[in-house]
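Novice: Below is the structure I would like to discuss, written out as structure tokens.
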Amino acid sequence: MGLRLLAVLLWTLPAMPVQAVFLLLPGRCKERFAKFYWRGVARILGLRVSVTGILDTHRPVLFIANHSSWLDIVALGSVLPGCFVAKSAIANWPLVNWVARLGRTVFVSRNRTSVARERGVLADRLAAGDNIILFPEGTTSDGNRVLPFASAFLAVADDPARPYVQPVTLVYDGLDGLPVRRYDRPGISWYGDMDLASHFNRIGRRRSLHATIILDAAIAPGSFPNRKALSAALEARLALNAAMVRQSRR
């Protein structure tokens, strides 16, 4: 585990100034380099990702994904060209906060007093053509189910930028070359009051991990009468996809 942590640090430290330069330049270099960086982290951690489906090419796109672990950032970051939305507490984590800021993560507190400002930041990102990666569960699950979606998180789908919405399902289905079993998933997932350091230590000791990502067809703006209906449809779609992968019926 120590060697993997050292390797992640040695990969991250030189990548940070490179991404800082790309942030100053026009174009999508910062987006492409972020994906390249997360692919490197995935390789170091022994995480292999298989993708089913096609990335939507519209701009902007709101990627809606289920959430069970900090590993989701690595897996999804290596595939999706977009900015994550994360809880504001992460902005205070040593080193992680710098990586998140260089990845143009949008931090949200979910406080009523700051909702308007935070939604304004998201609106500005969408208006600039940036894609957003959102976890509507609002927290992480134990990996054996998709938690109920909070429709309030999808308020950004009503933004004047009119983003397309692409459902993204992520399931960890391979561990050390064997299929993941039901009682394995809580050990892969990071949820509740789990300590990040001990969880990284547990994952870092594993030889390999496999994740399957399913990209459903994007949903055009205005396809649902309101965000509650959209939220319910997305929750049902991701829950069905996840169940099929877990049961090896994909």
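The values are calculated or read from the model by the stated rules, or taken from the named source; none is laboratory data. All values derive from a computational prediction rather than experimental measurement. So basically every Cβ, Gly included, is an ideal-geometry build from the backbone, and we count neighbours across all protein chains shown.
Novice: Which members of region 222-249 meet the condition of being buried (at least 16 other Cβ atoms within 10 Å of the Cβ) and not in a helix (DSSP H, G or I)?
Specialist: Matches in region 222-249: Phe224 only.
Novice: Does Pro26 count as surrounded by fewer than 14 Cβ atoms within 10 Å (Cβ to Cβ) and either within 16 Å of the chain's Cα centre (by Cα) or part of a loop (DSSP other than H, G, I, E, B) (or both)? Even if it seems obvious, please write down each step before you answer.
Specialist: Working: surrounded by fewer than 14 Cβ atoms within 10 Å (Cβ to Cβ): yes; either within 16 Å of the chain's Cα centre (by Cα) or part of a loop (DSSP other than H, G, I, E, B) (or both): yes.
Taking the combined requirement at face value, the residue satisfies it.
Novice: In region 55-70, is there at least one residue being touching a residue at least 60 places away in the same chain (Cβ under 8 Å), assigned to a helix (DSSP H, G or I), touching a strand residue (DSSP E or B) at 6+ places or on another chain (Cβ under 9 Å) and surrounded by 14 or more Cβ atoms within 10 Å (Cβ to Cβ)? Give the steps one after another, and end with the answer.
Specialist: Here is the first cut: in region 55-70, the residues touching a residue at least 60 places away in the same chain (Cβ under 8 Å) are 55-56, 58-70.
Subsequent filtering for residues that are assigned to a helix (DSSP H, G or I) retains none.
No, that holds for no residue.
Novice: Need pairs with beta-carbon distance below 9 Å; first residue more than 25 Å from Gly187 (Cα to Cα) and of a type in the set (D, E, K, R) and within region 209-228, second surrounded by fewer than 19 Cβ atoms within 10 Å (Cβ to Cβ) and modelled with pLDDT under 95; sequence gap 6+ or separate chains.
Specialist: That search, which allows pairs on different chains as well, returns Arg227/Ser151; Arg227/Ala152; Arg227/Ala155; Arg227/Asp158; Lys228/Ser151.
Novice: Moving to a separate point now. If you go through region 71-97, how many residues are in contact with a Ser or Thr (Cβ under 6 Å, 6 or more places away or on another chain) and free of Cβ contacts under 8 Å to residues at least 24 places away in the same chain?
Specialist: Counting residues in region 71-97 that are in contact with a Ser or Thr (Cβ under 6 Å, 6 or more places away or on another chain) and free of Cβ contacts under 8 Å to residues at least 24 places away in the same chain gives 2.
Novice: Just the residues that are touching a Lys or Arg at 6+ places or on another chain (Cβ under 9 Å) and of a type in the set (D, E, K, R), please, taken from region 127-165.
Specialist: Passing the criteria: Asp130, Asp142, Asp158, Asp159.
Novice: When you scan region 107-125, do you find a residue that is in contact with a Lys or Arg (Cβ under 6 Å, 6 or more places away or on another chain) and either closer than 22 Å to Val8 by Cα or surrounded by 14 or more Cβ atoms within 10 Å (Cβ to Cβ) (or both), even just one? Working first, answer last.
Specialist: Here is the first cut: in region 107-125, the residues in contact with a Lys or Arg (Cβ under 6 Å, 6 or more places away or on another chain) are none.
No, region 107-125 contains no residue that is in contact with a Lys or Arg (Cβ under 6 Å, 6 or more places away or on another chain) and either closer than 22 Å to Val8 by Cα or surrounded by 14 or more Cβ atoms within 10 Å (Cβ to Cβ) (or both).
Novice: Separate question: With the requirement that a residue be of a type in the set (A, V, I, L, M, F, W, C), outside any strand (DSSP E or B) and over 16 Å from Gln19 (Cα atoms), what does region 83-97 give you? Walk me through how you get there before you give the answer.
Specialist: Looking only at region 83-97, we keep the residues that are of a type in the set (A, V, I, L, M, F, W, C), and these are 83-86, 89-91, 93, 95-96.
If we keep only those that are outside any strand (DSSP E or B) too, we end up with 89-91, 93, 95-96.
Within region 83-97, Ala89, Ile90, Ala91, Trp93 meet the criteria.
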